[in-house]
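Before any comments, here is the structure.
The values are calculated or read from the model by the stated rules, or taken from the named source; none is laboratory data. On a predicted model such as this, the values are computed, not experimentally measured, just so you know. FYI the Cβ positions are ideal-geometry reconstructions off the backbone, even for glycines, and counts take in every protein chain you see. All accessible areas refer to the heavy atoms of the entire protein, side chains included, with ligands and DNA or RNA removed. Shrake-Rupley method; radii C 1.70, N 1.55, O 1.52, S 1.80 Å.
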Amino acid sequence: MLWDIFCRVIDNFGDIGVCWRLATGLAGRGIEVRLWLDDARALAWMAPEGAPRVQVLSWPESAEHQPGEVVIEAFGCDPPTPFVQRMAQRRPAPVWINLEYLSAEDYVERSHGLRSPQFNGPGAGLDKWFFYPGFTPRTGGLMHALPRPDARRWLAGRGWGPHGNEQVVLLFCYDNPMLPALLRQLEGTPTLLLAAPGAAQQALAQRAAGGLLRGVALPWLTQAEFDTLLQATDLNLVRGEDSFVQAQWSGAPFVWQLYPQHDQAHAAKLQAFLDRFTKTAPMADATPLAALWRAWNGLGPWPERWPAREDWQRACRAWRDQLMIQIDLITQLQGFVDERR
Ligand code: TRH
């Protein structure tokens with residue numbers, strides 16, 4: 001089997017991060033994958049050594065190749081016309097899937113698996129299928145994480161281990177007016193703050209030294225290392241889509257910063273996830289959690305109190321455990337393809 005995955009890097013690293021994870025996950029199951037990228041620069045740090053059975057190619061090169069049995073178009077990225085024309089000519093036709101963005105909103109269950117017949121354009125005659133990741137059995141599920149039981153040892157080996165009773169916090173975020181409030185809050189507890197490149201490190205650099213906070217500016221890590229890091233921490237502040245999912249597998253408390261949208265669509269997306277999370281993993285008091293998440297996303301004031309640590313921890317483990325029962329995205333995708341071939 002040969003699968004083609006098309007990815008357009010719009011901004012940030014979620015598009016390429018999700019596609020790289022999918023490509024290596026499929027390759028790990030013996031599938032040959034061609035990953036077509038319009039901008040491969042982030043792979044220099046995310047996956048400098050590549051991966052067996054994953055061939056990384058540029059979009060223009062696709063003009064010279066025949067499509068494989070399966071074509072995944074990530075996030076509606078519109079593969080190049082000559083390639084789609086060849087998909088339409090191929091017999092049997094490839095299974096063409098649009099892998100969508102992750103959301104906990106209700107439309108996901110309604111839209112997952114829908115067929116979109118192509119009546120015109122280069123792919124006329126083909127069907128495109130919508131595949132939605134999600135948090136419930138009626139969605140395409142999530143890509144699972146490999147458990148990293150030695151994550152803390154790895155952290156110490158990199159020189160980023162906690163001193164004494166420090167809590168270890170990862171901060172990976174977009175620019176956020178609440179950053180000074182977060183840092184002030186963390187200064188009140190012995191904390192090792194591991195700041196990913198970007199806004200987190202800028203905020204750390206601008207902070208006046210003080211309090212019980214010790215900050216470390218991390219380099220860009222490979223995706224495998226970053227996954228390990230997420231399992232080595234006591235609290236993860238993550239963003240976008242891929243780090244958000246991986247943080248959920250760690251079972252540690254996490255705070256999600258959504259990709260901000262001008263039409264405020266992220267507010268409904270946040271609420272949908274919060275509703276699902278608090279229903280599935282009830283907390284003794286979920287109010288501070290909702291307040292913190294809303295504040296971190298510019299949707300409310302900075303909360304006076306944070307969720308009680310044990311309550312929060314218990315809920316995140318319960319959430320992780322019920323997600324674990326679901327069939328993972330790659331298995332579901334393979335089954336979905338088999339049914340349509
Ligand atoms: O970079 P992001 O903000 O990506 C975003 C979102 O996916 C958003 O929904 C989308 O619309 C936009 O991109 C275009 O956050 P995300 O999704 O967590 O992706 C980051 C990827 O980078 C993830 O695969 C983890 C990886 N990463 C590393 O491999 N090493 C690192 O050191 C860091 C900080 C990240």
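Here are some notes:
- The trypsin sites (Lys or Arg not before Pro) found in the range 1-51 that occupy coil by DSSP, while having at most 14 further C-beta atoms within 10 Å, are Arg29, Arg41.
- Counted as membrane-span-like here are DSSP H helices of the chain whose alpha-carbon atoms extend 18 Å or more along the helix's own axis and whose Kyte-Doolittle mean is 0.0 or above; these are 14-27.
- For the range 151-325, the mean projected area of the C-alpha convex hull, equal to one quarter of the hull surface, is 10.0 nm².
- Normalising the average separation of contacting C-alpha pairs (under 8 angstrom, six or more residues apart) by the number of residues puts the relative contact order of the range 151-325 at 20 percent.
- C-alpha center-to-center spacing [the range 138-179, the range 68-107] in angstrom: 33 Å
- Arg309 contributes an accessible area of around 90 Å² to the protein surface, as traced by a 1.4 Å probe with all chains present.
- Protein accessible area in the chain, 1.4 Å probe - carbon and sulfur %: 52 percent
- Where Phe6, Phe130, Phe75 fall by accessible area, highest first, once all protein chains stay in place (1.4 Å): Phe130, Phe75, Phe6
- Distance from the range 266-285 to the range 216-238 (C-alpha centre basis), Å: 24 Å
- Length-normalised contact order for the chain - Cα pairs under 8 Å, 6+ apart - percent: 15 percent
- Accessible heavy-atom area order of Ile5, Ile325, highest first, probe of 1.4 Å: Ile325, Ile5
- At a probe radius of 1.4 angstrom, the accessible area of the chain per residue rounds to 44 square angstrom.
- Choice from Gln223, Gln66, Gln246 with maximal GNM fluctuation in the chain (Cα, 10 Å cutoff): Gln66
- The candidates His163, His262, His112, arranged from most to least accessible area with a 1.4 Å probe in the full protein assembly, appear as His262, His163, His112.
- Accessible area per residue was computed with a 1.4 Å probe on protein heavy atoms; Thr81 scores about 70 Å².
- GNM result for the chain, Cα springs below 10 Å: residue of Gln202, Gln326, Gln264 fluctuating most strongly: Gln264
- Cysteines of the chain lacking any other cysteine Cβ under 4.7 Å from their own Cβ: Cys77, Cys173, Cys316.
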